[in-house]
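A short worksheet on the structure shown next.
The values are calculated or read from the model by the stated rules, or taken from the named source; none is laboratory data. Every value quoted in this text rests on a predicted model; they were computed, and no experiment measured them. Every residue, glycine among them, receives a Cβ derived from its backbone with ideal geometry; neighbour counts consider all protein chains shown.
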Amino acid sequence: MPQFILTTKIKAPIEVCFDLARSIELHIDSMAHTGEKAIAGVTSGLIGYGETVTWKARHFGVAMTLTSKITELRFPYLFSDEMLEGPFKMMAHKHRFETKDGYTLMVDEFIYQSPLGILGKIADWLFLKKYMCNLIQHRNDTIKQQAELHQNQHT
């Protein structure tokens, strides 16, 4: 199963970073290039433990929907979401936050399994893992930008 870990240093309080990572509006903004929209479940505000959201977006020219559920939440240190329905055979995303010396370290652990057996494994190797990593990195860059902007406005 493909997996990756991304780390992002953010010069903002852990609580701000944590809430931005759970923000439906920020997620939509960060995924504007895919036309992503929240169409069911929690469609605005902060998603919480046990709640679901269904996303609709266009990837590789194909409209897709994905429903995920928050399966773990410990404010402001950790939350996890897992795919309930969608294009993957399995997908889990753990978001961890640590306070360091003057910044918050945001760590994303992402694991998924593609459908279609060997064809899915070939897609992973050719492009899908890199695509997913870039997608999450783009989202993290947006979280960092907004958190640091928020911090600069409040100092």
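Sort out which residues of segment 39-56 are under 20 Å from Tyr77 (Cβ atoms) and in contact with an Asp or Glu (Cβ under 9 Å, 6 or more places away or on another chain), and write them in order of number.
Matches in segment 39-56: Leu46, Ile47, Tyr49.
For segment 51-76, what are the residues that are over 15 Å from the mean Cα position of the chain (by Cα) and among the aromatic types (Phe, Trp, Tyr)?
Scanning segment 51-76 gives Phe60, Phe75.
Kindly list the number of the only condition in (1) surrounded by fewer than 18 Cβ atoms within 10 Å (Cβ to Cβ); (2) over 19 Å from Gln113 (Cα atoms) that fails for Lys89.
Among (1) surrounded by fewer than 18 Cβ atoms within 10 Å (Cβ to Cβ); (2) over 19 Å from Gln113 (Cα atoms), the lone unmet condition for Lys89 is (2).
Test each condition in (1) assigned to a helix (DSSP H, G or I); (2) more than 25 Å from Cys17 (Cα to Cα) for Phe88 and report the one that comes out false.
(1)
Among the residues of segment 1-50, count how many are surrounded by fewer than 15 Cβ atoms within 10 Å (Cβ to Cβ), touching a residue at least 60 places away in the same chain (Cβ under 8 Å), over 13 Å from the mean Cα position of the chain (by Cα) and in a strand (DSSP E or B).
Residues meeting the conditions: 2.
Go through segment 56-65 and give me each residue that's free of Cβ contacts under 8 Å to residues at least 24 places away in the same chain and surrounded by 14 or more Cβ atoms within 10 Å (Cβ to Cβ).
Of everything in segment 56-65, those that are free of Cβ contacts under 8 Å to residues at least 24 places away in the same chain and surrounded by 14 or more Cβ atoms within 10 Å (Cβ to Cβ) turn out to be Lys56, Met64.
Looking only at segment 75-84, decide whether some residue is of a type in the set (Phe, Trp, Tyr), surrounded by 17 or more Cβ atoms within 10 Å (Cβ to Cβ), under 29 Å from Asn152 (Cα atoms) and in contact with a Leu (Cβ under 6 Å, 6 or more places away or on another chain).
Yes, that holds for at least one residue.
If you go through segment 93-115 one residue at a time, do you hit one that is more than 23 Å from Gly41 (Cβ to Cβ), within 19 Å of the chain's Cα centre (by Cα), assigned to a helix (DSSP H, G or I) and modelled with pLDDT of 95 or more?
no
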